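To start, the structure under review is shown below, and the notes come after it.
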Number of protein chains: 2
Amino acid sequence: MARKRFDDSSCSVARALNEVGDWWSLLIVLHAMYGTRRFVDFQQQLGIAKNILCDRLARLVDNEVLRKEEVGEHGSRFEYRLTEKGRDLFPVVVALRQWGDKWNPAPDGQPLDLRDRDTGEPVQTVTVRNAQGEPMSIRDVFVAEDLDGTSKSA
Amino acid sequence: MARKRFDDSSCSVARALNEVGDWWSLLIVLHAMYGTRRFVDFQQQLGIAKNILCDRLARLVDNEVLRKEEVGEHGSRFEYRLTEKGRDLFPVVVALRQWGDKWNPAPDGQPLDLRDRDTGEPVQTVTVRNAQGEPMSIRDVFVAEDLDGTSKSA
DNA sequence: CCAATAGGGTTGCATTTTAAAACCAAATTG
DNA sequence: CAATTTGGTTTTAAAATGCAACCCTATTGG
């Protein structure tokens with residue numbers, strides 16, 4: 001049967017995955033963050049089928065993660081650019097990249113590639129922090145309101 | 001044709017998505033973080049088909065995100081518990097949750113539910129930080145080694 | 001000016017995945 | 001010892017995916 005969707009889930013992670021939780025969408029966002037804007041460039045860089053790319057781009061535009069802009073002077077050339085909502089996925093993408101680098105390093109190892117534009121220093125590992133700015137593990141946390149309304153320990 | 005997999009992609013985000021990038025896996029990890037350990041509990045809380053849950057749990061175990069432990073005294077009762085690799089997805093899940101809360105808030109709004117176990121204060125928004133600990137946007141960053149080996153601006 | 005090519009898609013079709021429900025087997029409960 | 005719980009596997013239909021083949025609108029080249 002059809003894939004289950006989570007549009008109306010009370011869980012915001014489920015709703016988020018509804019928008020960017022498939023195999024391609026987050027990779028498209030990633031490449032958009034790297035500067036890719038054109039249909040053909042996405043297609044070649046990702047090796048994605050054109051119809052799937054069409055579908056994903058349209059869905060990302062619908063969800064206001066990307067914005068489609070006409071750039072051909074008098075023709076039909078488009079650019080897909082991140083919206084603020086899309087750029088706001090930056091921590092998600094970086095956290096995922098760092099996780100992948102840590103636990104599934106590339107055979108030819110290129111561990112961390114994001115650097116501060118001003119200083120040239122690598123960015124920190126993305127962590128959850130408490131109000132004092134100290135890194136927290138999952139054990140340092142509890143859930144005030146739960147998925148189902150019942151309070152649970154993390 | 002079959003879904004394309006990214007096992008050998010040079011992009012660590014692609015490799016990460018290969019392990020937890022489908023609709024269900026990250027939700028399973030999320031619930032595991034909330035304390036769920038049993039097959040039936042995952043099934044009921046997620047509303048997932050049993051065969052899909054079997055498959056996802058097995059894949060997560062294969063990828064060492066979860067560990068399957070026999071807990072029945074002399075029977076076949078199992079618990080699926082997060083490994084260190086799985087717990088390390090904490091920042092990813094929190095970042096995604098915060099993104100979902102910000103951009104797709106639940107109609108009945110329960111904005112942020114993670115709190116410091118010691119102080120009871122909410123956790124900070126997950127951000128990318130430079131070496132000095134200052135939050136960075138995507139514009140503050142450049143890519144030293146790129147997906148394809150060619151340097152690109154972010 | 002006309003042909004060739006590039007950008008951005010859409011359409012068909014075969015192959016996988018997914019979801020739901022039925023079925024199963026071991027262990028535990030009543 | 002029958003019913004139930006846990007943790008699955010099997011079957012079947014509906015979607016999603018990937019590929020190739022088209023299509024239409026510019027722009028380029030000769």
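Structure summary
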item: Cα long-axis angle, helix B:90-103 against chain B (0 to 90 degrees, to the nearest 10); result: 70
item: Restricting the range B:1-67 to trypsin sites (Lys or Arg not before Pro) in coil, as DSSP defines it, with at most 16 other Cβ within 10 Å; result: B:Arg3, B:Lys4, B:Arg5, B:Arg37, B:Arg38
item: Exercise: per-residue mean of other protein chain Cβ atoms within 10 Å, A:18-25; result: 5
item: Within chain B, helix-based [θ] at 222 nm, where runs of 4 or more DSSP H residues each add -39,500 (n - 2.57), nearest 500; result: -10500 deg cm²/dmol
item: Shielding of B:115-124 by partner chains, average beta-carbon count, 10 Å; result: 6
item: Set A:Lys85/B:Lys50; A:Lys50/B:Lys68; A:Lys68/B:Lys85; B:Lys4/B:Lys85; A:Lys68/B:Lys50 screened for pairs whose C-alpha atoms are more than 32 Å apart; result: A:Lys85/B:Lys50; A:Lys50/B:Lys68; A:Lys68/B:Lys85; A:Lys68/B:Lys50
item: Reciprocal mean inverse distance between Cα atoms of the range B:1-88 - Kirkwood radius, Å; result: 13.7
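Every number in this text was worked out from the coordinates using simple rules, so none of it is lab data. Keep in mind it's a predicted model, so treat the numbers as computed, not measured. Positions of Cβ are backbone-derived with ideal geometry, glycine not excepted, and every protein chain shown enters the neighbour counts.
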